[in-house]
Amino acid sequence: MSRIWLSPPHISSAEQQYVQEAFTTNWIAPLGANVTAFEKQLSDFTGRFTLAVSSGTAAMHLALVCLNIQAGDFVFCQSLTFAGCAFPVLYQGATPVFIDSEASSWNMDPDLLEEALKKYTEQNKKPKAIIVVHIYGMPAEMKRIQQLAAEYEVPVIEDAAEAVGSVYDDVPCGSMGDMAIYSFNGNKIITTSGGGALIAKRIEYIQHARKLSDQAKENFLHYEHSQTGYNYRLSNICAGIGRGQMEVLAERVERKRENFQLYSELLSSISFIQFQQERAPAFSNRWLTVMNLQDHNNGGQLVQQIQVQLQKQEIESRPVWKPMHSQPVFKNAPSFINGVSDSLFQNGLCLPSGTALTNTQIKQIVSIVERVVCNEEIVI
């Protein structure tokens, strides 16, 4: 039986052409024509300045460095996210302050954000940045968040790692904050195998980040360094994959949304299964379809049973991100919690959502979910 993965790469023919060009020209080293062209694609897509780098985490680190985040500073960060979003705050010696989610989009709760901004400003600890995440491709409530950020004069960094192709109020996610990051890891909606991008509204940020990403080399014939740099460059080969992937992004978003629509229709008869709500002006790429069983008395137990039965059928699923405020590495970090992200972690499950997934496979997955929740015997 062929394994059904959660969100595997989906490669077309164009990627091979661009990669072959790298081999034909013998440009296998980092940077090169594919990187330059890929950055232009991203800039055209977002309407902003772009730097392609080795990962989304690298992009986030560079964003914090560009904002001069350092030891003693505070950075407000969405708690429901992947650790790669928050780790760079520690790289800089700063303190993350985690903000819980609201129940609709599962993203940063603007009410909690306002409470945190007021409290920390009154204590003369105003944060140096706000990191908001578009979790699972669902845009956060950016209008309210941006209003609060402007009121308190705090820069916003969008973690759009999962939201390439998502839109909020007709603006692509990644184009609303002072800076933003994309991830092109192998499980994302489009991939460069491993890679990411820093997006910024000011070219000065990108110029600074570009220098830092190349070991902060000065303009000398010899190697001269006046500040700490990083090896965050993107491979010319990986960028070739990205060029081809950008050409099919619209198709990938369409298929992800079709996956979600079929899951939600087939499971609509089970009243306690809920999904992320897409409310205007948000348009989600539906990177992953995630179901939430919090309205069932034994939702957490059912989620575990479903995952076990899917695994027995060689079908990958995954729990919702464990909130950062619950992670041992962040046990001493301040937080503003309302219980939403903890409940989602307890009662949520990410279902296979690959763009090459067939309707027949989705129906197979749904049948297993239905038999578990209806307490029927699973035939192996």
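The values are calculated or read from the model by the stated rules, or taken from the named source; none is laboratory data. No experiment lies behind these values; they were computed from the predicted model shown. Please note: Cβ atoms are built from the backbone with ideal geometry, for glycine as well, and neighbour counts cover all protein chains shown.
Given the structure, is Gln327 more than 25 Å from Pro9 (Cα to Cα), among the polar types (S, T, N, Q) and in contact with a helix residue (DSSP H, G or I) (Cβ under 9 Å, 6 or more places away or on another chain)? Quick ask: steps written out before the conclusion?
Details: more than 25 Å from Pro9 (Cα to Cα): yes; among the polar types (S, T, N, Q): yes; in contact with a helix residue (DSSP H, G or I) (Cβ under 9 Å, 6 or more places away or on another chain): yes.
Yes; evaluated as a whole, the condition is true for this residue.
Only residues that are touching a strand residue (DSSP E or B) at 6+ places or on another chain (Cβ under 6 Å) and surrounded by fewer than 16 Cβ atoms within 10 Å (Cβ to Cβ): list them for the stretch 306-355, please.
Correct list: empty.
Give the residues of the stretch 152-165 that are surrounded by fewer than 20 Cβ atoms within 10 Å (Cβ to Cβ) and out of contact with any Leu (no Cβ under 8 Å at 6 or more places or on another chain), sorted by residue number.
Glu153, the sole residue that qualifies.
Starting from the stretch 348-364, keep only residues that are in contact (Cβ under 8 Å) with a residue 60 or more places away in the chain and not assigned by TED's automatic domain parsing to the domain that holds Trp321, then list their pairs with residues that are surrounded by 20 or more Cβ atoms within 10 Å (Cβ to Cβ) and hydrophobic (A, V, I, L, M, F, W, C) whose Cβ atoms are within a distance under 6 Å, requiring at least 6 positions of separation or different chains.
none
Sort out for me the helices (runs of 4 or more DSSP H) sitting completely within the stretch 77-171 that have 1 or more residues that are more than 18 Å from Lys322 (Cβ to Cβ), touching a residue at least 12 places away in the same chain (Cβ under 8 Å) and under 17 Å from the mean Cα position of the chain (by Cα). Even if it seems obvious, please write down each step before you answer.
Working: elements: 83-91, 110-122, 142-152.
By residue number, 83-91, 142-152.
I'm checking my understanding of the structure. Among residues of the stretch 1-28 that are assigned to a loop (DSSP other than H, G, I, E, B), touching a residue at least 24 places away in the same chain (Cβ under 8 Å) and more than 27 Å from the chain's Cα centre (by Cα), which one is surrounded by the most Cβ atoms within 10 Å (Cβ to Cβ)? Let's see the steps before the verdict.
Applying the first criterion (assigned to a loop (DSSP other than H, G, I, E, B)) to the stretch 1-28 yields 1-3, 5-12, 25-28.
Checking the rest, the ones that are also touching a residue at least 24 places away in the same chain (Cβ under 8 Å) come to 1-3, 5-12, 27-28.
Pick out the ones that are also more than 27 Å from the chain's Cα centre (by Cα) and you get 1-2, 27-28.
Details: Met1: 6, Ser2: 6, Trp27: 17, Ile28: 11.
This residue is Trp27.
When the residues of the stretch 174-212 are narrowed to those that are assigned to a loop (DSSP other than H, G, I, E, B), of a type in the set (A, V, I, L, M, F, W, C) and touching a Phe, Trp or Tyr at 6+ places or on another chain (Cβ under 9 Å), which ends up nearest to Arg286 (Cα to Cα)?
Going through the stretch 174-212, the residues assigned to a loop (DSSP other than H, G, I, E, B) turn out to be 174-178, 184-195, 201-202.
Pick out the ones that are also of a type in the set (A, V, I, L, M, F, W, C) and you get 176, 184, 189-190.
Add one more test, that the residue is touching a Phe, Trp or Tyr at 6+ places or on another chain (Cβ under 9 Å), and what stays is 176, 189-190.
On the way: Met176: 19, Ile189: 9, Ile190: 13 Å.
Once the filter is applied, the top-ranked residue is Ile189.
Going through the stretch 303-341 one residue at a time, which ones are in a helix (DSSP H, G or I) and farther than 23 Å from Asp111 by Cβ?
As a first pass, look at the stretch 303-341 and keep what is in a helix (DSSP H, G or I): 303-312, 324-326, 328-330, 340-341.
Listed by number, the residues that qualify are Val303, Gln304, Gln305, Ile306, Gln307, Val308, Gln309, Leu310, Gln311, Lys312, Pro328, Val329.
For the stretch 35-69, which residues satisfy the criterion of being in contact (Cβ under 8 Å) with a residue 40 or more places away in the chain, of a type in the set (S, T, N, Q) and part of a helix (DSSP H, G or I)?
Restricting attention to the stretch 35-69, the residues satisfying the condition of being in contact (Cβ under 8 Å) with a residue 40 or more places away in the chain are 35, 37-39, 41-42, 45-69.
Okay, now just the ones that are also of a type in the set (S, T, N, Q), so 41, 46, 50, 54-55, 57, 68.
Of everything in the stretch 35-69, those that are in contact (Cβ under 8 Å) with a residue 40 or more places away in the chain, of a type in the set (S, T, N, Q) and part of a helix (DSSP H, G or I) turn out to be Gln41, Thr46, Thr57.
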